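See structure below.
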Ligand SMILES: [Fe+2]
């Protein structure tokens, strides 16, 4: 992420190198952030500079009058900067009785985020570096919890279809420990993101979501991630099994007086209470709000741009639409897709290349039978329109781990994760059961590829299936290139 910082200092010529060294230290702290300083050389430059560009932050020298004259107090600078809605920090070398009052006035302002001593800035002391880092993080929504180096990978653990309520829970704690060991074996330290692509429960009941919540907490504790809930690093999307069918059907329940005034319930062929089917995903929403917090687009769809400084933007779209007359439809709402597209479109100038990662429950591309959404054409704008192209899409539903390169009028890598927990019914024990780790590879802070690791249960052990591993290179347009034939 590129941040332009304005420096208003009447001693710029003497301090320029000091500021630059200081910003380099701040950038080391905020991985993925590049700061470009813009120095106001003479007071007359301030107004035109403010008109020419949007600044991410400003540093203002507490005493401007020594070299610029009495007309140019700190209040003069602060007034112009705050009228452009720019947050700022005061940098001070010394002050006297006159400017103490002026500084005090500035400190009262909402936009004033820090007060730093020039001597500490010049010495690259940790205190002003931390202060500016914190102020920039808060102002621009930067998550600093990525202690990796410039070339280290970012790991996304994708789980799907745990279907709590649809299996015997006796082994789940032990299996969770095994899954956590396998994750940490691959990611070395804690993974950075966790995505669960739907069918959290079998029947969408409150108890089943409660059991699933315990499982997510247990897994997160074991993989050391994250330290706070709800988390922006947990991505969720609902599946067809997460719909509480009884609540959907409630919209059709009629009530009349029966014999002896007893209530008589019936199931109508038409919808009587139009608002009740909206409760279909009530327990899912309750579960999701406890574990993750993103900018909601529709009730169950969201975008997350907080990690764009790492070159990553995420979105989730619900591919499930409850219907009071049948099983949930496998559809996306085109209005919500358009809103997601708007949010993704805003981020294009922040980082290059920018990898957009989508999450849903069903395959977003046309596939046979029950496997994909019915209106895959509605997803087109997220896959093939300029400035909002998805490079990677995660989904589940069919309980089979598979990562594929797909192309049409777009280039897309899809990751279909298996079920982590639900054992076989008619199929052989442990077959099609596992999870996927998506390793986003980087070089000099920029994303340059993807390695997909697929883990599978075999005879009560979970191991990586080396034959299913896939490697892709990212093009500068934010989409992956077709792998060369092997
Ligand atoms: Fe499903």
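Checking each residue in segment 338-365 for being closer than 22 Å to residue 482 by Cα and either at pLDDT 85 or above or surrounded by 20 or more Cβ atoms within 10 Å (Cβ to Cβ) (or both) picks out 354, 355, 356, 357, 358, 359, 363, 364, 365.
Against the condition in contact with a strand residue (DSSP E or B) (Cβ under 9 Å, 6 or more places away or on another chain) and surrounded by fewer than 23 Cβ atoms within 10 Å (Cβ to Cβ), how does residue 294 come out, does it pass? Considered against the rule, which asks whether it is in contact with a strand residue (DSSP E or B) (Cβ under 9 Å, 6 or more places away or on another chain) and surrounded by fewer than 23 Cβ atoms within 10 Å (Cβ to Cβ), residue 294 comes out as yes.
Take residue 420 and decide whether it is touching a helix residue (DSSP H, G or I) at 6+ places or on another chain (Cβ under 7 Å) and either more than 16 Å from the ligand (Cβ to nearest atom) or not assigned by TED's automatic domain parsing to the domain that holds residue 31 (or both).
On the way: touching a helix residue (DSSP H, G or I) at 6+ places or on another chain (Cβ under 7 Å): yes; either more than 16 Å from the ligand (Cβ to nearest atom) or not assigned by TED's automatic domain parsing to the domain that holds residue 31 (or both): yes.
Taking the combined requirement at face value, the residue satisfies it.
As a summary of the residue check, residue 394 satisfies the conditions (1) over 15 Å from residue 481 (Cβ atoms); (2) surrounded by fewer than 24 Cβ atoms within 10 Å (Cβ to Cβ); (3) touching a strand residue (DSSP E or B) at 6+ places or on another chain (Cβ under 9 Å) except for the one numbered (2).
Residues that are within 15 Å of residue 124 (Cβ to Cβ), touching a residue at least 12 places away in the same chain (Cβ under 8 Å) and assigned to a helix (DSSP H, G or I) do not occur anywhere in segment 37-44.
Of all the numbered requirements in (1) within 22 Å of the chain's Cα centre (by Cα); (2) free of Cβ contacts under 8 Å to residues at least 24 places away in the same chain, residue 382 misses one, and that requirement is (2). Of the set (1) more than 14 Å from residue 225 (Cα to Cα); (2) more than 16 Å from the ligand (Cβ to nearest atom); (3) in the same structural domain as residue 282 (by TED's automatic domain parsing), all apply to residue 189 but (1). Restricting the search to strands (runs of 3 or more DSSP E) fully inside segment 200-315 and requiring at least 1 residues that are more than 16 Å from the ligand (Cβ to nearest atom) and touching a residue at least 40 places away in the same chain (Cβ under 8 Å) gives 234-236, 302-304.
The values are calculated or read from the model by the stated rules, or taken from the named source; none is laboratory data. Everything numeric in this text was worked out from a predicted model, so none of it was measured. Using ideal geometry, Cβ is built from the backbone for each residue, glycine included, and neighbour counts are taken over all protein chains shown.
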